[in-house]
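Every read-out reported here was derived from the displayed coordinates using simple, explicitly stated rules and does not represent laboratory data. This is a predicted model, so every value here is computed, not measured. Here the Cβ positions follow ideal geometry from the backbone for every residue, glycine too, while neighbour counts run over all protein chains shown.
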Amino acid sequence: MTGAASDDLRWMDVALALGRRGLGQTAPNPAVGCVIVREGRVVGRGRTAPGGRPHAERVALDLAGAAARGGTAYVTLEPCAHRGATAPCADALIEAGIARCVLALRDPDPRVDGAGAARMRAAGIEVVEGVRAGRAARDQAGFLLSRTEGRPFVTLKLAATLDGRIATATGESRWITSTEARRLVHAERARHDAVLVGAGTVRADDPDLSVRGFPVPRQPVRAVLSRRLDLPLGRLAATAREVPVILVHGEGAPGDARTAWDAAGAERIAIPSPRGRHVDPAAALRALAGRGVTRVLCEGGGTLAAALLQAGLADELLVFGAGVALGAEGRPMLGALGVDALADAPRFALRELRPVGPDTLARWGRA
Ligand code: AOF
Ligand code: ZN
């Protein structure tokens, strides 16, 4: 590998690390990172601001000022070519006198889609594309999926005993995993745009689903799937005006439940749910994407988790394991999957395995 190429990889890694810090904060916009380097020195750096604007390049250019002239900009996504509230980033880079632009991914947004790179080339900037494209695509999978497939990236969180149980036969489940594991769940919530649960979890746990324990610029939306909207007005209703609650329910949900949740300040999306007992998770995810959600952390319960797995909608699994055994009488972490042949079983590849306090955390990606 040439010196220049290895420098490009190194600086792109810095830009990627910066961009990742914005995950969960920028939707519906992507979490982009940008580093501006001149003569081997960083003169500007930035990431997409919470809320999605200003864009990463704007932040980095403002920091660099005149020092950007003649420099190289490393950007994890193609700079935009469309006029939003401010001038397009491609134009801003040209104006600042950037000599070279290294980017990881093309922006699939139809307003950009190659136009940012083309505009910079036409202005005489040397543009290098595809550097660390794989890593960038993994980091920005939520934005890419929402633009290309109209659905968010889905992380499925599971926490279970050695034998895959989540509660005793009597339903006792607090606390199987450690405080360390639970703290990590809050950090994961902060990296997603929405936390999603099924109606059964709301009925059983009356969860709050917000990020607690450290400050976040933006709390994730709390989303619940409930065909009949037969949910107790607990913690979610009490706090719906502070942190958004979106209820995705069937068109047949009764009027009094709708009125009660509307009065609490929750948002509702009614979708057709003709077959079966549950809201179709694919339709629900599309509805959430339509509300600007690009990354979803599903925290259960077992029925929704199984439905997502069955529909091939779980992109990443986050499995916490506790050193506890509950045996066959314990409640299983997944509902029925309808798998007869091993060849039909959902399969994942291990991405990360580490201890978290006395527990383990395994991160699994698509095989
Ligand atoms: C960039 N740098 O940091 C981000 C970009 O609504 P707007 O005007 O903010 O534009 C949103 C679009 O801009 C979004 O769909 C994506 O294509 C791009 N996001 N582009 O150059 C950034 N966040
Ligand atoms: Zn931009």
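Evaluated at 20 °C with a viscosity of 1.002 mPa s, what Stokes-Einstein diffusion coefficient in µm²/s does the stretch 232-367 have when Rh comes from the Kirkwood expression over alpha-carbon pairs?
122
Given 20 °C and 1.002 mPa s, how large is the Stokes-Einstein diffusion coefficient of the stretch 221-274 in µm²/s, with Rh as the Kirkwood radius over Cα pairs?
Working: Rh = 10.9 Å.
In µm²/s, the coefficient rounds to 197.
Reported to two decimal places, what Rg/Rh ratio describes the stretch 271-340 when computed on Cα atoms with Rh from the Kirkwood expression?
1.02
Please give the contour-minus-distance gain from residue 69 to residue 203: 0.36 nm per residue of separation, less the Cα-Cα distance, rounded to one decimal in nm.
42.4 nm is the gain from fully extending residue 69 to residue 203.
Gaussian network model of the chain, Cα springs within a sub-10 Å range: biggest mean-square fluctuation belongs to which of 200, 142, 312?
312
Pick from 246, 176, 36 the residue whose mean-square fluctuation is largest in a GNM of the chain, springs joining Cα atoms under 10 Å.
176
Tell me the net charge near residue 11. Cut-off is 12 Å between Cβ atoms, residue 11 excluded, with +1 for each Lys or Arg and -1 for each Asp or Glu.
Its environment carries a net charge of +3.
If you stretched the chain out fully between residue 126 and residue 183, how much longer would it get, using 0.36 nm times the residue separation minus the C-alpha to C-alpha distance?
16.0 nm
Could you compute the net charge surrounding residue 106? Neighbours are other residues with a C-beta less than 13 Å from the C-beta of residue 106; K and R count +1, D and E count -1.
Once positives and negatives cancel, what remains is -3.
Could you check which residue among 330, 301, 19 shows the biggest mean-square fluctuation in a GNM of the chain with a 10 Å Cα cutoff?
In this elastic network of the chain, the residue with the biggest mean-square fluctuation among 330, 301, 19 is 330.
Can you give the helix-only mean residue ellipticity at 222 nm for the chain, where every DSSP H stretch with n ≥ 4 adds -39500 (n - 2.57) and the sum goes over all residues, rounded to the nearest 500 deg cm²/dmol? Present the calculation step by step, with values, prior to reporting the outcome.
Values: 12 runs with 109 residues, N = 367.
The helix-only estimate for the chain comes to -8500 deg cm²/dmol at 222 nm.
Considering the Cα positions of the stretch 3-144, please state its Rg to one decimal place and its Dmax as a whole number of Å.
Rg, Dmax (Cα atoms, Å): 13.1, 39.
Once label points are set 7 Å from the Cα along Cα→Cβ at both residue 230 and residue 169, what is their separation, rounded to one decimal in nm?
With each label point 7 Å from Cα toward Cβ, the separation is 2.6 nm.
Sum up the charges of everything whose Cβ sits under 9 Å from the Cβ of residue 82, counting Lys and Arg as +1 and Asp and Glu as -1, but leave residue 82 out.
Residues near residue 82 contribute +1 overall.
For labels at residue 263 and residue 324 in the simple 7 Å Cα→Cβ model, what's the distance in nm?
3.8
Assigning unit charges at the beta carbon (Lys, Arg +1; Asp, Glu -1) and nothing else, what dipole magnitude in debye, to the nearest 20, does the chain show about its Cα centre? Intermediate results must be reported in sequence, preceding the final value.
Values: 49 positive and 39 negative charges, 89 e Å.
With only Lys, Arg, Asp and Glu charged at Cβ, the dipole is about 420 debye.
What is the percent of Cα-Cα separations in the stretch 164-206 that go past 17 Å?
Cα-Cα pairs of the stretch 164-206 separated by over 17 Å account for 49 percent.
So which trypsin sites (Lys or Arg not before Pro) in the stretch 251-329 end up in coil per DSSP with only 12 or fewer other C-beta atoms within 10 Å?
Of the trypsin sites (Lys or Arg not before Pro), the ones in loops of the stretch 251-329 whose Cβ has at most 12 other Cβ atoms within 10 Å are 275, 277.
Using mean Cβ contacts within 10 Å as the protection proxy, how do 24-34, 220-230, 347-357, 76-86 order, highest first?
Listed from highest to lowest mean packing, they are 24-34, 220-230, 76-86, 347-357.
log10 I(q)/I(0), Debye, Cα-only the chain, no solvent, q = 0.06 Å⁻¹?
-0.26
Mind checking which of 247, 61, 9 is farthest towards the positive end of the chain's charge dipole, using Cβ charges of +1 (Lys, Arg) and -1 (Asp, Glu) about the Cα centre?
So the residue furthest toward the plus end is 61.
What residues qualify as long-range amide H neighbours of residue 102, i.e. H under 5 Å apart, gap of 5 or more or another chain, H built at 1.01 Å from N?
For residue 102, whose amide H was placed from the backbone, the distant partners under 5 Å are 73, 74, 75, 128.
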